[in-house]
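The values are calculated or read from the model by the stated rules, or taken from the named source; none is laboratory data. The structure presented is a predicted model; accordingly, all values stated were derived computationally and were not measured. Every residue, glycine among them, receives a Cβ derived from its backbone with ideal geometry; neighbour counts consider all protein chains shown.
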(Lines give C-alpha, C1' and ligand atoms only; values in the text may rest on other atoms or scores of the structure.)
Protein backbone atom coordinates (compact mmCIF):
# COMPACT_ATOMS: atom_id res chain seq x y z
CA UNK A 1 0.00 0.00 0.00
CA UNK A 2 1.42 3.37 -1.00
CA UNK A 3 0.90 5.99 1.69
CA UNK A 4 1.24 9.74 1.80
CA UNK A 5 4.90 10.76 1.74
CA UNK A 6 4.09 13.54 4.19
CA UNK A 7 2.72 10.99 6.65
CA UNK A 8 5.68 8.66 6.12
CA UNK A 9 8.13 11.52 6.70
CA UNK A 10 6.29 12.59 9.84
CA UNK A 11 6.19 9.02 11.14
CA UNK A 12 9.98 8.89 10.69
CA UNK A 13 10.24 12.13 12.67
CA UNK A 14 8.09 10.59 15.44
CA UNK A 15 10.17 7.41 15.32
CA UNK A 16 13.30 9.37 16.25
CA UNK A 17 11.49 10.69 19.33
CA UNK A 18 10.26 7.27 20.39
CA UNK A 19 13.74 5.79 20.01
CA UNK A 20 15.19 8.63 22.08
CA UNK A 21 12.54 8.15 24.77
CA UNK A 22 13.31 4.42 24.83
CA UNK A 23 17.03 5.04 25.25
CA UNK A 24 16.58 7.78 27.84
CA UNK A 25 14.26 5.58 29.92
CA UNK A 26 16.67 2.67 29.53
CA UNK A 27 19.60 4.67 30.91
CA UNK A 28 17.52 6.20 33.71
CA UNK A 29 16.14 2.82 34.73
CA UNK A 30 19.65 1.39 34.95
CA UNK A 31 20.74 4.34 37.07
CA UNK A 32 17.80 3.70 39.42
CA UNK A 33 18.82 0.04 39.61
CA UNK A 34 22.39 1.02 40.51
CA UNK A 35 21.08 3.26 43.29
CA UNK A 36 18.73 0.50 44.59
CA UNK A 37 15.54 2.43 43.79
CA UNK A 38 13.80 -0.72 42.68
CA UNK A 39 10.34 0.80 42.42
CA UNK A 40 11.57 3.57 40.14
CA UNK A 41 13.55 1.01 38.15
CA UNK A 42 10.45 -1.13 37.62
CA UNK A 43 8.31 1.78 36.48
CA UNK A 44 10.85 3.43 34.21
CA UNK A 45 11.88 0.06 32.73
CA UNK A 46 8.18 -0.49 31.98
CA UNK A 47 8.10 2.93 30.28
CA UNK A 48 11.11 1.90 28.19
CA UNK A 49 9.20 -1.17 27.05
CA UNK A 50 6.17 0.99 26.17
CA UNK A 51 8.34 3.34 24.10
CA UNK A 52 9.82 0.32 22.32
CA UNK A 53 6.30 -0.84 21.44
CA UNK A 54 5.42 2.66 20.19
CA UNK A 55 8.52 2.64 17.98
CA UNK A 56 7.66 -0.82 16.71
CA UNK A 57 4.13 0.27 15.78
CA UNK A 58 5.50 3.28 13.92
CA UNK A 59 8.06 1.14 12.08
CA UNK A 60 5.38 -1.35 11.04
CA UNK A 61 3.10 1.46 9.84
CA UNK A 62 5.92 3.06 7.82
CA UNK A 63 6.63 -0.30 6.19
CA UNK A 64 2.94 -0.86 5.47
CA UNK A 65 2.79 2.55 3.77
CA UNK A 66 5.77 1.45 1.58
CA UNK A 67 8.21 3.72 3.37
CA UNK A 68 11.62 3.07 4.85
CA UNK A 69 12.07 3.55 8.59
CA UNK A 70 14.83 5.99 9.45
CA UNK A 71 16.40 4.82 12.68
CA UNK A 72 17.85 8.22 13.58
CA UNK A 73 17.55 8.67 17.34
CA UNK A 74 16.78 12.18 18.60
CA UNK A 75 18.96 13.73 21.29
CA UNK A 76 18.59 12.22 24.73
CA UNK A 77 19.10 13.96 28.06
CA UNK A 78 20.43 12.15 31.08
CA UNK A 79 19.81 13.46 34.57
CA UNK A 80 22.09 13.06 37.56
CA UNK A 81 19.54 13.17 40.40
CA UNK A 82 16.14 11.56 40.78
CA UNK A 83 14.17 14.83 40.57
CA UNK A 84 16.18 15.94 37.56
CA UNK A 85 15.67 12.59 35.83
CA UNK A 86 11.93 12.67 36.47
CA UNK A 87 11.69 16.25 35.17
CA UNK A 88 13.75 15.47 32.06
CA UNK A 89 11.52 12.48 31.34
CA UNK A 90 8.40 14.62 31.84
CA UNK A 91 9.75 17.30 29.51
CA UNK A 92 10.33 14.59 26.90
CA UNK A 93 6.76 13.34 27.30
CA UNK A 94 5.41 16.87 26.82
CA UNK A 95 7.45 17.18 23.63
CA UNK A 96 6.17 13.80 22.38
CA UNK A 97 2.57 14.85 23.14
CA UNK A 98 2.99 18.01 21.07
CA UNK A 99 4.46 16.08 18.14
CA UNK A 100 1.78 13.38 18.29
CA UNK A 101 -0.94 16.04 18.15
CA UNK A 102 0.73 17.58 15.10
CA UNK A 103 0.92 14.12 13.50
CA UNK A 104 -2.76 13.48 14.20
CA UNK A 105 -3.66 16.76 12.50
CA UNK A 106 -1.48 15.88 9.48
CA UNK A 107 -3.13 12.47 9.18
CA UNK A 108 -6.54 14.15 9.08
CA UNK A 109 -5.42 16.46 6.27
CA UNK A 110 -3.93 13.49 4.39
CA UNK A 111 -7.03 11.33 5.06
CA UNK A 112 -4.95 8.58 6.71
CA UNK A 113 -7.34 7.63 9.48
CA UNK A 114 -5.65 4.35 10.37
CA UNK A 115 -2.34 6.09 11.15
CA UNK A 116 -4.31 8.80 12.93
CA UNK A 117 -5.93 6.21 15.20
CA UNK A 118 -2.54 4.66 16.01
CA UNK A 119 -1.21 8.09 16.99
CA UNK A 120 -4.31 8.83 19.08
CA UNK A 121 -3.68 5.62 21.05
CA UNK A 122 -0.04 6.57 21.57
CA UNK A 123 -1.11 10.05 22.68
CA UNK A 124 -3.54 8.55 25.17
CA UNK A 125 -0.76 6.36 26.58
CA UNK A 126 1.61 9.32 26.73
CA UNK A 127 -0.84 11.68 28.44
CA UNK A 128 -2.74 9.31 30.72
CA UNK A 129 0.06 6.98 31.72
CA UNK A 130 3.58 8.31 31.20
CA UNK A 131 3.23 12.08 31.75
CA UNK A 132 0.61 11.78 34.48
CA UNK A 133 2.74 9.35 36.50
CA UNK A 134 5.81 11.57 36.20
CA UNK A 135 3.78 14.62 37.30
CA UNK A 136 2.58 12.63 40.31
CA UNK A 137 6.13 11.71 41.32
CA UNK A 138 7.35 15.29 41.15
CA UNK A 139 4.31 16.40 43.16
CA UNK A 140 5.05 13.73 45.78
CA UNK A 141 8.63 14.96 46.09
CA UNK A 142 7.30 18.48 46.72
CA UNK A 143 4.77 17.23 49.27
CA UNK A 144 6.84 14.80 51.34
CA UNK A 145 10.38 15.93 50.57
CA UNK A 146 13.05 14.17 48.57
CA UNK A 147 14.49 11.96 51.37
CA UNK A 148 11.06 10.58 52.27
CA UNK A 149 10.17 10.04 48.63
CA UNK A 150 13.41 8.22 47.90
CA UNK A 151 12.91 5.98 50.92
CA UNK A 152 9.58 4.84 49.46
CA UNK A 153 11.30 3.93 46.18
CA UNK A 154 13.90 1.63 47.67
CA UNK A 155 13.59 -2.03 46.76
CA UNK A 156 15.84 -4.82 45.60
CA UNK A 157 16.40 -4.77 41.86
CA UNK A 158 16.71 -7.95 39.85
CA UNK A 159 16.98 -6.77 36.24
CA UNK A 160 16.11 -9.28 33.57
CA UNK A 161 19.37 -9.95 31.77
CA UNK A 162 19.15 -11.58 28.40
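Things worth noting here:
- Looking only at residues in the stretch 1-26 that are out of contact with any helix residue (DSSP H, G or I) (no Cβ under 9 Å at 6 or more places or on another chain) and assigned to a helix (DSSP H, G or I), the one that is surrounded by the fewest Cβ atoms within 10 Å (Cβ to Cβ) is 5.
- Flag for residue 54 being under 11 Å from the mean Cα position of the chain (by Cα), assigned to a helix (DSSP H, G or I) and either at pLDDT below 95 or surrounded by fewer than 17 Cβ atoms within 10 Å (Cβ to Cβ) (or both): no
- Residue within the stretch 64-73 that is at pLDDT 95 or above, assigned to a helix (DSSP H, G or I) and touching a helix residue (DSSP H, G or I) at 6+ places or on another chain (Cβ under 6 Å) present: no
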